[in-house]
Amino acid sequence: MSTMRMLLNDLVPAARDQLLRQARQVRFAADTRIFREEEHADRFWIIESGRVELNKHVPGPGPALVDTLVAGDLLGCSWMIPPYQWLFGATATTEVHALEFDGRTLRGLCAQDISIGEAVSAAVAAAQERRLLA
């Protein structure tokens with residue numbers, strides 16, 4: 001099940017609407033570097049269309065591919081866990097359309113509404129598990 005469906009299906013309609021009110025539509029052109037490893041992590045995205053490659057710097061000829069994300073996947077987990085720094089880099093390999101969420105605002109919303117906090121935490125944990133397996 002995609003992160004988007006998992007996250008939204010786990011919420012009652014009022015909480016789902018409250019979460020989606022925090023989102024804004026964004027677009028990344030192909031070959032756009034969305035974020036770099038170790039930069040400040042202050043947001044996350046749910047990909048609606050397109051492809052994003054996650055990579056990790058390793059010694060040698062270039063970054064190692066960690067995972068490829070597509071529609072329904074969550075991009076960015078580091079906004080949720082101090083010290084709020086990206087563990088990976090991310091590059092749009094095609095044009096990407098996504099819902100963008102501000103990390104600080106969403107952390108506050110999660111603290112206020114336990115149902116949103118639990119759903120977001122489960123979605124982030126699922127995304128992290130997928131990346132560990134990759």
Expressed as a rounded percentage, what relative contact order does the chain have, with Cα pairs under 8 Å and six or more residues apart?
-> 35 percent
Restrict the search to segment 65-125; then list the chymotrypsin sites (Phe, Trp or Tyr not before Pro) that DSSP places in a loop and that have at most 16 other Cβ atoms within 10 Å of their Cβ.
-> TYR84
Just how many % of Cα pairs in the chain lie over 24 Å apart, if you round to the nearest whole percent?
-> 24 percent
Most mobile listed residue (VAL58, VAL96, VAL26) in the chain, GNM with C-alpha springs under 10 Å | VAL58
The set of residues whose placed amide H lies less than 5 Å from the amide H of ARG51, leaving out same-chain residues fewer than 5 positions away, is THR93, THR94
Hey, what did segment 15-79 get for relative contact order, percent, Cα under 8 Å, at least 6 apart?
-> 31 percent
Under the Karplus relation with 6.51, -1.76 and 1.60 and θ = phi - 60°, whole-Hz ³J(HN,Hα) for segment 9-18, x at Gly and Pro, equal 5, 7, 10, 5, x, 5, 5, 4, 4, 5
Of every hundred units of 1.4 Å-probe accessible area on the chain, the number belonging to carbon and sulfur atoms, as a percent, is 53 percent
Net charge near ALA30: determine it from the other residues with C-beta under 13 Å of the C-beta of ALA30, scoring Lys and Arg +1 and Asp and Glu -1.
-> 0
Residue-normalised accessible area of the chain, expressed per residue, 1.4 Å probe, Å² | 54 Å²
Output for segment 41-121: GluC sites (Glu not before Pro) sitting in coil per DSSP, at most 15 other Cβ within 10 Å, listed by number, reads GLU95
Shape call for segment 55-126, from the Cα gyration tensor axes a ≥ b ≥ c (a/c under 1.5 means rounded, otherwise prolate when a/b beats b/c, else oblate), comes out prolate
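The values are calculated or read from the model by the stated rules, or taken from the named source; none is laboratory data. What you see is a predicted model; the values in this text were computed from it and never measured. Glycine gets a Cβ as well: all are built from the backbone with ideal geometry, and neighbour counts include every protein chain shown. Note: accessible area is taken over every heavy atom of the protein model, side chains too, but ligands, DNA and RNA are not part of it. Shrake-Rupley method; radii C 1.70, N 1.55, O 1.52, S 1.80 Å.
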